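The values are calculated or read from the model by the stated rules, or taken from the named source; none is laboratory data. Since the structure is predicted, the reported quantities are computational estimates derived from the model, not experimental observations. Neighbour counts run over all protein chains shown; Cβ positions are idealised from the backbone, glycine included.
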Amino acid sequence: MKAIVVGGGIGGLAAAVSLRRVGWEVQVLERAAAFAEIGAGVGVMPNALRALEWMGVADEVRRLGTPRVSGGVRASDGRWLVHLPEAGQERVIAMHRADLHGVLLRALPPEILFNNVEVTGVEELDADLVVAADGINSRLRAELLPDAPGPVYAGATAWRGVAPGPYDLPITQTLGPGGEAGVLPLGDGRVCWYVAAVAPAQAGLDPLELFGGWHDPLPHLIRSTSQVLRHDIYELPLLPTFVRGRVALLGDAAHAMTPYLGQGACMALEDAVTLASVDGDLARYDALRRPRTRAVWRGSRRAGRFGIEVRSRLGLEVRNFALRSVPGSVALRGMSRFTTWQVPSMPR
Ligand SMILES: Cc1cc2nc3c(=O)[nH]c(=O)nc-3n(C[C@H](O)[C@H](O)[C@H](O)COP(=O)(O)OP(=O)(O)OC[C@H]3O[C@@H](n4cnc5c(N)ncnc54)[C@H](O)[C@@H]3O)c2cc1C
């Protein structure tokens, strides 16, 4: 059985690794001139690590990444809103996105990878299975589900980068008026960071003007980063199906979500392993993946409503009071709500 994967991002490469593992012949077609990944950090959550384990690349991920636990949530002045106990926490592997992409790339033989190939339609692809992993603006999705609405601006813009450090910090999230920030420390002292603010799309904003007064070391992280990436945040309204004929949508092409749970790429890894586990039964893939990704998509939206979107003084006080009142053990349970996912059992 032959599969063609359209898109060589984290989702597409993970699909190729997973399908090959159950015996599919695979080709990956990528429109860019090289297989590469930009971006800053990614937190490989326990659910995603299980998927990588199944793919046979988790040891490499552990070697390149750094196991971290979360320190908790802070207010923009640095006060702790949720301070998490280390005991009972599952570890997140903090790593650079390019490293995760590289691990998947090295797990594939170069002769199945084709760059400079822009797929313009499904018809041109001669395969038993087509995996549309062509990202949030998926051309294949638009062809297969022409009535489904495209990505919608989620009302916030984000900046990301990797600061040189060295720093010794826990993973933290910071919530302030109309904004949030996060730090994901790598093992070598560098720190992946992001800041996001409620703003109109393409607004001409300077992150230092917005976050320069937030607690240390956030302003310093922004200032010391040579290459800051800016992304307006879009989400894909929930689709009625991830499958059409022999085509399966995967990753952001199927369920691009806001980044507030840090689960977007993790979902693409889960998709990939699930697709391999159903061995061509796409109805089952759809049945397994749509409810799961819908729950995480909605969870991320809720996290945004309770986080970045709170702007009024009263709203901030109520939210911060609510967070401070939550016992650490309850917060831990809430955090692990989406990370307990297990790889579906294989047909053989
Ligand atoms: C600000 C921000 C922060 C984020 N933080 C996190 C995080 O901390 N943790 C996390 O898990 N996720 C995070 N995400 C989400 C994560 O980035 C995505 O969910 C993930 O990268 C999606 O991977 P993908 O392979 O589906 O799509 P993409 O990475 O978009 O890959 C699609 C690929 O398809 C190629 N392509 C497109 N069209 C064609 C075509 N017609 N023919 C051939 N090739 C084509 C593209 O060139 C690209 O290489 C974040 C996202 C944002 C915006």
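From the list E60, E30, which one is in contact with a helix residue (DSSP H, G or I) (Cβ under 8 Å, 6 or more places away or on another chain), acidic (D, E), more than 13 Å from the ligand (Cβ to nearest atom) and under 16 Å from L105 (Cα atoms)? Just a single option satisfies the conditions, and that option is E60.
Being in a helix (DSSP H, G or I), in contact (Cβ under 8 Å) with a residue 60 or more places away in the chain and of a type outside the set (F, W, Y) is not true of A36. Considering (1) more than 15 Å from the ligand (Cβ to nearest atom); (2) under 28 Å from Q173 (Cβ atoms); (3) touching a residue at least 24 places away in the same chain (Cβ under 8 Å), the lone condition that D286 does not fulfil carries the number (2). Within region 105-126, work out how many residues are more than 10 Å from the ligand (Cβ to nearest atom) and not small (G, A, S). Qualifying residue count, region 105-126: 13. Checked across region 13-26, the condition of being part of a strand (DSSP E or B) and within 16 Å of the ligand (Cβ to nearest atom) holds for at least one residue.
Within region 127-135, is there a residue that is touching a residue at least 60 places away in the same chain (Cβ under 8 Å), near the ligand (Cβ under 8 Å from one of its atoms) and touching a strand residue (DSSP E or B) at 6+ places or on another chain (Cβ under 7 Å)? Scanning region 127-135, I find at least one residue that is touching a residue at least 60 places away in the same chain (Cβ under 8 Å), near the ligand (Cβ under 8 Å from one of its atoms) and touching a strand residue (DSSP E or B) at 6+ places or on another chain (Cβ under 7 Å), so the answer is yes.
Determine whether region 223-235 contains at least one residue that is within 13 Å of the ligand (Cβ to nearest atom), in contact (Cβ under 8 Å) with a residue 24 or more places away in the chain and crowded, with 21+ Cβ neighbours inside 10 Å. Within region 223-235, one or more residues are within 13 Å of the ligand (Cβ to nearest atom), in contact (Cβ under 8 Å) with a residue 24 or more places away in the chain and crowded, with 21+ Cβ neighbours inside 10 Å.
With respect to (1) surrounded by fewer than 18 Cβ atoms within 10 Å (Cβ to Cβ); (2) in contact with a helix residue (DSSP H, G or I) (Cβ under 8 Å, 6 or more places away or on another chain); (3) of a type in the set (D, E), the lone exception for E317 is condition (2). Any idea how many residues of region 191-238 are modelled with pLDDT of 95 or more, part of a loop (DSSP other than H, G, I, E, B) and among the hydroxyl-bearing types (S, T, Y)? Residues meeting the conditions: 2.
Rundown of residues vs (1) of a type outside the set (K, R); (2) buried (at least 21 other Cβ atoms within 10 Å of the Cβ); (3) modelled with pLDDT of 90 or more, yes/no style:
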position: F35; (1), (2), (3): yes, no, yes
position: A40; (1), (2), (3): yes, yes, no
position: N47; (1), (2), (3): yes, yes, yes
position: A51; (1), (2), (3): yes, yes, yes
position: D59; (1), (2), (3): yes, no, yes
position: L64; (1), (2), (3): yes, no, yes
position: S76; (1), (2), (3): yes, no, yes
position: R79; (1), (2), (3): no, no, yes
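Restricting attention to region 313-347, the residues that are outside any helix (DSSP H, G or I) and either touching a residue at least 40 places away in the same chain (Cβ under 8 Å) or under 21 Å from G262 (Cα atoms) (or both) total 10.
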